[in-house]
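To start, the structure under review is shown below, and the notes come after it.
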Amino acid sequence: MTSRFLVNLNNAPPDAPPLLSPDDGAVVAHDELALVAGRAPDPDLYDALSYRFELATDAGFTPRAATKNVVGDDGGATWSPGARPIGDPRPGSVATAGVTSAPHVEAA
C-alpha cells in the first residue's frame, strides 16, 4: 500500500473576507447588531481560519468598544456583541462596516 501527502512549508495568508452584514455605513441598534463575514478566500484550502471583529463608536476605531476573535467555519464567521449594559444612555451608534485586513490564520 502506498500513501501520499503534501507538506506545505509556505502557508499563504488568506485574502480579506467579504463583509455580509451590516451594510457599510448602516445605522444599527446596538442590541440588534450582528457582524457577519463570509469565508475568506484562502490559497491553502484546508486552513482553519479565525476572524477578529472590532467594534467602535467612531469611524477611526479609537477607542475600540469591543474586540472578539471568532473561529470560522466553511461559511465564515458571525459575532453578536449583545445588548448594551442596563443604564447605558446611548440611544444607538453608527456602525461603520468594512474589512480592513485579512483574518488571522490558525494552523490546522
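Summary of computed values
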quantity	calculated
Any hit, the range 56-69, residues being buried (at least 16 other Cβ atoms within 10 Å of the Cβ), at pLDDT 85 or above and within 15 Å of the chain's Cα centre (by Cα)	no
Close pairs (8 angstrom Cβ cut-off, 6 or more residues apart or separate chains): at positive phi in the range 6-31, assigned to a loop (DSSP other than H, G, I, E, B) and of a type in the set (Ser, Thr, Tyr) anywhere	GLY25/THR96
Criterion violated by ARG90 - all others in (1) assigned to a loop (DSSP other than H, G, I, E, B); (2) in contact with a Lys or Arg (Cβ under 8 Å, 6 or more places away or on another chain); (3) at pLDDT 75 or above satisfied	(3)
Positions within the range 1-38 being surrounded by fewer than 10 Cβ atoms within 10 Å (Cβ to Cβ) and at pLDDT 75 or above, in sequence order	MET1, THR2, SER3, ARG4, PHE5, VAL7, LEU9, ASN10
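The values are calculated or read from the model by the stated rules, or taken from the named source; none is laboratory data. Nothing here was measured: the structure is a model prediction, and the numbers come from that model. Heads up, the Cβs are rebuilt from the backbone with ideal geometry, glycines too, and the neighbour counts pull from every protein chain shown.
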